[in-house]
Each structure stands twice: as C-alpha cells, then as structure tokens.
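Right, I'll just put the structure down here and ask away after.
The values are calculated or read from the model by the stated rules, or taken from the named source; none is laboratory data. Every value quoted in this text rests on a predicted model; they were computed, and no experiment measured them. With ideal geometry, Cβ positions are generated from the backbone for all residues, glycine too; neighbour counts draw on all protein chains shown.
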Amino acid sequence: MKHAIDFATKQNIPVVLGGLAIDEVSLAALRVESRLDPWTLLYNYSICKHNSLWKREFSDINASLDVHGGEAFAESIDRSRINWFVKFFEKFAPYQKKILVDQKDLDIFYSLYGNKKSKRTVAVVNQWHVSGV
C-alpha cells in the first residue's frame with residue numbers, strides 16, 4: 001500500500017483508497033437491516049461448518065492459524081483463500097455480505113470510474129474487494 005501511494009504521489013496520479021475499514025455508512029446500514037437475526041447466523045454457521053465439502057477448508061485454516069499465528073496467516077492469504085472466505089461469508093451471512101462487501105465494491109467502482117479528471121488512477125483496495133471491483 002505504501003509503495004503504491006508513494007508511486008502515485010511521485011507521478012502526480014490520484015489515489016483512491018477503498019475497502020480498508022468499515023465506515024459509518026456500512027454501520028448505519030447494518031443497524032437498520034431488519035433481516036439480521038443472531039439465531040439465523042448461528043444456524044447458517046453450523047450448516048457451513050459441518051458441510052463435508054467445507055470441513056477440509058476449516059481444518060486447514062485452523063491448522064494454519066495454530067502453526068503460524070494470526071499475523072503470519074493474514075500475510076499468507078492468497079486469492080483462492082480470499083474467494084473461499086467471500087463465498088463462506090455469502091453462505092453464512094448473506095445480508096451482511098451485501099452491505100459490507102457488495103455495496104463497498106460498488107462505491108469503490110464508482111469512485112474509480114467517476115474520476116474522469118485524470119487518465120490514470122491508482123486504487124488501493126482490500127483483497128475482499130478485488131474481484132468485485
């Protein structure tokens with residue numbers, strides 16, 4: 001992230017930061033979403049966790065977290081694992097995913113392509129949003 005911002009600053013290219021944190025708009029949307037039920041989340045999680053197709057991924061992630069720790073695990077996440085997390089989030093909490101991932105993807109897209117002032121733009125986005133943007 002630092003290298004991308006430094007490069008853009010040296011080249012006088014605008015930088016768009018997107019998907020880095022949960023903002024006030026997302027929190028407000030989560031507060032007013034009427035379909036958020038903790039029992040449904042618990043039920044969806046139990047179904048996803050005990051699904052035979054997903055069990056191997058769960059055990060692999062837990063083993064990797066135990067061996068490497070959280071920080072090293074976060075650094076080792078690749079595109080396929082991010083896609084797995086996004087799909088898991090979609091099955092586990094579909095309404096939250098629409099608010100936290102899909103809506104943020106649209107916001108990032110419009111902020112990138114709405115900037116017609118410059119020919120080039122540097123975008124720094126979270127891995128959750130790369131495929132959506």
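Name the one entry in Gln127, Gln103 that is within 30 Å of Ile5 (Cα to Cα), modelled with pLDDT of 80 or more and not acidic (Asp, Glu). Break it down into steps so the answer makes sense when it comes.
Working: Gln127 fails: modelled with pLDDT of 80 or more.
Just a single option satisfies the conditions, and that option is Gln103.
On to the next question. Please note which helices (runs of 4 or more DSSP H) are completely contained in region 64-113 and include at least 3 residues that are under 23 Å from His50 (Cα atoms). Lay out the reasoning, then the answer.
Numbers: elements: 70-75, 79-92, 94-97, 103-113.
By residue number, 79-92, 94-97.
With the checklist (1) free of Cβ contacts under 8 Å to residues at least 24 places away in the same chain; (2) surrounded by 14 or more Cβ atoms within 10 Å (Cβ to Cβ); (3) among the hydrophobic types (A, V, I, L, M, F, W, C) in hand, flag the one item Leu65 doesn't pass.
Of the numbered conditions (1) free of Cβ contacts under 8 Å to residues at least 24 places away in the same chain; (2) surrounded by 14 or more Cβ atoms within 10 Å (Cβ to Cβ); (3) among the hydrophobic types (A, V, I, L, M, F, W, C), the odd one out for Leu65 is (2).
Do we have Val124 as assigned to a strand (DSSP E or B), in contact with a strand residue (DSSP E or B) (Cβ under 7 Å, 6 or more places away or on another chain) and not small (Gly, Ala, Ser) here? Full working, then the answer.
Values: assigned to a strand (DSSP E or B): yes; in contact with a strand residue (DSSP E or B) (Cβ under 7 Å, 6 or more places away or on another chain): yes; not small (Gly, Ala, Ser): yes.
Criteria met by Val124.
I've got another one for you. Can you say whether Ser46 is more than 30 Å from Ala123 (Cβ to Cβ) and assigned to a helix (DSSP H, G or I), as far as the supplied structure shows?
Details: more than 30 Å from Ala123 (Cβ to Cβ): yes; assigned to a helix (DSSP H, G or I): yes.
So Ser46 fits the description; yes.
Here is a follow-up. Can you tell me how many residues within region 12-34 are part of a loop (DSSP other than H, G, I, E, B), at pLDDT 80 or above and in contact with a helix residue (DSSP H, G or I) (Cβ under 7 Å, 6 or more places away or on another chain)?
1
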